[in-house]
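Here's the structure, in structure tokens; my notes come after.
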Amino acid sequence: SKSTVTREIIDLCIKQALAANADYYLELFDRQSQSKKRLLAALSRGGKNIFSAEYIRKNQLTSGATVQRAVSELLETGVVEKNKDEYFITDPFFRYFIKNPERTVK
């Protein structure tokens, strides 16, 4: 039979995927340094111009050098990727997990 995919169905699927992987995402996030956690939180909201003074100030990051070191390590481990001039968290569910921690904890 034909079914219509509603926003409620999508939200339920996201919630189930996050619940199934919550332990993994918690471990992945917890093992990051404080500077990488802050950068991941910032990237969950957007990843353009991450070295600009405005981005660093807006996201309460410490310095451009710290951002450069953190993003290099996250790129190396595959947690973050770059497409042209934008950085993003590779796993969209991990991005959602970081962006919405209150919705993803069991």
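Points to keep in mind about this one:
- Counting only protein heavy atoms and a 1.4 Å probe, the chain has 68 square angstrom of accessible area per residue.
- Three-way shape label, the chain, alpha-carbon gyration tensor, a/c 1.5: prolate
- Cα-based helix-to-principal-axis angle, 64-77 vs the chain, degrees rounded to 10: 50
- A protection proxy built from the mean count of other Cβ atoms within 10 Å ranks the segments 42-52, 76-86, most packed first, as 42-52, 76-86.
- Coarse-grained scattering of segment 1-50 at q = 0.26, 0.31 Å⁻¹, given as base-10 log I(q)/I(0) from a Debye sum over alpha-carbon atoms: -0.97, -1.04
- When 90, 62 are compared by accessible surface with a 1.4 Å probe, the order from highest to lowest is 62, 90.
The values are calculated or read from the model by the stated rules, or taken from the named source; none is laboratory data. Here the structure is a predicted model, which is why all the values come from computation and not from measurement. Methodologically, a virtual Cβ is constructed for each residue, glycine included, from the backbone with ideal geometry; neighbour enumeration extends over all protein chains shown. In case anyone asks, the SASA skips ligands and DNA or RNA and just uses the protein heavy atoms, side chains included. Shrake-Rupley method; radii C 1.70, N 1.55, O 1.52, S 1.80 Å.
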